[in-house]
Amino acid sequence: MKLAVFDGTRVGVVTGNEIRDVSEVVPFARGEWPPVFVNQMIREWDEIRPRVEDLLDKAPALPLDSVRLEAPNPCPIHILAAPGNYGRHLDEFSATTSVKDLGFFFKASGSVLRPGGRVILPKGSDRSFHHEAELAVVIGRTCKDVPVEEVPERIFGYTCLMDITMRMTRERQEERVLRKSFDTFTPIGPWIVTSDELPDPQDLQMDLWVNDELRQSATTADMILGVYELVSYASSVMTLQPGDIFTTGTPEGVGEIVAGDTASITIEEIGSFSVTVGVADREAPYVF
Ligand code: MN
């Protein structure tokens, strides 16, 4: 099932070029702040799924291009991210440490951006800002101290993610959390594909274009630590919650995005989305 959020806080199931509004059987506090209804829906999914399936044939089908897709989880409690999880990407930076040494980091939940949205680069910066195409896993059930073999039953689904990143310089080496958490630096979408439709996350073709140029093209088979290992590892530290997102690292081919660009990601079995790139209207108090 492809589950999307659209037109604010509506929940829909995508089939082909249509979306069916199933909001009436997702009875959570939509429209309130914080917008955590997707986390609540995922937590209660065993009860909600049959209701969604019953409603599907009756729900009005809207053309997909007539709605505004929102981030498929607008407010995950945590966004975890893997640093250095593809060997040839490590080679690009002559990196000597990988996810095995570094563990994981966080991206701010507030940096989530909807598919079709605009990445806003800070004004006045002389830094380089890069795209990173990534497969993101969405947690379905609470995970604490979960062995690798029990992770699959805890996973809700998968989505596409761009881990937008301000690069370091020799002199300026801020933490990843800062460099990857500017508002709008975490586009996700276009929807969540539930894990029953995507049983093997380690065999997916992933591509990213900037304008008409193919920048990244790789398979998730090349991850150093696979999806299940990443989740198990993180669960040894903290309790992962329904709706949490773990983004699994980027392959080779990362590169600069600048104002006026359009970046597009496609992951096999999931889908595609694009974002545009702009610059903030005014300078922040601290210019990086
Ligand atoms: Mn990344």
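The values are calculated or read from the model by the stated rules, or taken from the named source; none is laboratory data. Just so it is clear, the model here is predicted, and its values are computed rather than measured. Please note: Cβ atoms are built from the backbone with ideal geometry, for glycine as well, and neighbour counts cover all protein chains shown. Note: areas computed on protein heavy atoms with side chains; ligands, DNA, RNA excluded. Shrake-Rupley method; radii C 1.70, N 1.55, O 1.52, S 1.80 Å.
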Under 5 Å between amide H atoms, partner at least 5 residues away or on a different chain: which partners does residue 68 have, H built in plane at 1.01 Å?
7
For residue 215, list long-range residues whose amide hydrogen, built 1.01 Å from N in the peptide plane, is under 5 Å from its own amide hydrogen.
208, 209, 210
So how do 227-237, 133-143, 19-29 stack up, highest first, on mean other-Cβ count within 10 Å?
133-143, 227-237, 19-29
Per-residue ³J(HN,Hα) for the stretch 84-94, Karplus 6.51 cos²θ - 1.76 cosθ + 1.60, θ = phi - 60°, Hz, x for Gly and Pro
x, 10, 9, x, 6, 6, 4, 4, 4, 10, 6
Charge tally for neighbours of residue 203 with beta carbon under 12 Å away, counting Lys, Arg as +1 and Asp, Glu as -1, is -4
Mind listing the phi-derived Karplus ³J(HN,Hα) values for the stretch 246-251, rounded to whole Hz, using 6.51, -1.76 and 1.60 with θ = phi - 60°, and x for any glycine or proline?
10, 9, 9, x, 10, x
Go ahead and set up a Gaussian network model of the chain, Cα springs under 10 Å, then flag whichever of 242, 147, 115 fluctuates most.
147
Heads up, I need the accessible area for residue 51: 1.4 angstrom probe, whole protein in place, Å², nearest 10.
110
With each run of n ≥ 4 DSSP H residues scored as -39500 (n - 2.57), what mean residue ellipticity at 222 nm is computed for the chain after dividing by its residue count and rounding to the nearest 500 deg cm²/dmol?
-3500 deg cm²/dmol
Give the carbon-plus-sulfur fraction of the accessible surface of the stretch 166-281 in %, rounded to a whole number; probe 1.4 Å, heavy atoms of protein chains only.
47
What whole-number distance in Å separates the alpha-carbon centres of the stretch 157-187 and the stretch 65-136?
5
Surface per residue (accessible, 1.4 Å probe) for the chain, Å²
44
For residue 18, which sequence-distant residues (separation of 5 or more, or a different chain) have an amide H within less than 5 Å of its own amide H, given hydrogens modelled in the peptide plane?
64
Going by the alpha-carbon gyration tensor, a ≥ b ≥ c the square roots of its eigenvalues, is the stretch 1-111 rounded (a/c under 1.5) or, if a/c is not under 1.5, prolate (a/b greater than b/c) versus oblate?
prolate
Per residue Cα convex hull volume in Å³ - calculated over the stretch 193-288:
164
Filter 100/144; 144/180; 107/144; 100/180; 58/144; 2/100 down to the pairs with a C-alpha to C-alpha distance above 30 Å, please.
58/144; 2/100
Just read off the accessible area of residue 45 with the full protein assembly in place, 1.4 Å probe, to the nearest 10 Å².
20
Round to the nearest 10 and give me the degree value, 0 to 90, for the angle of helix 45-56's Cα axis relative to the longest principal axis of the chain.
70
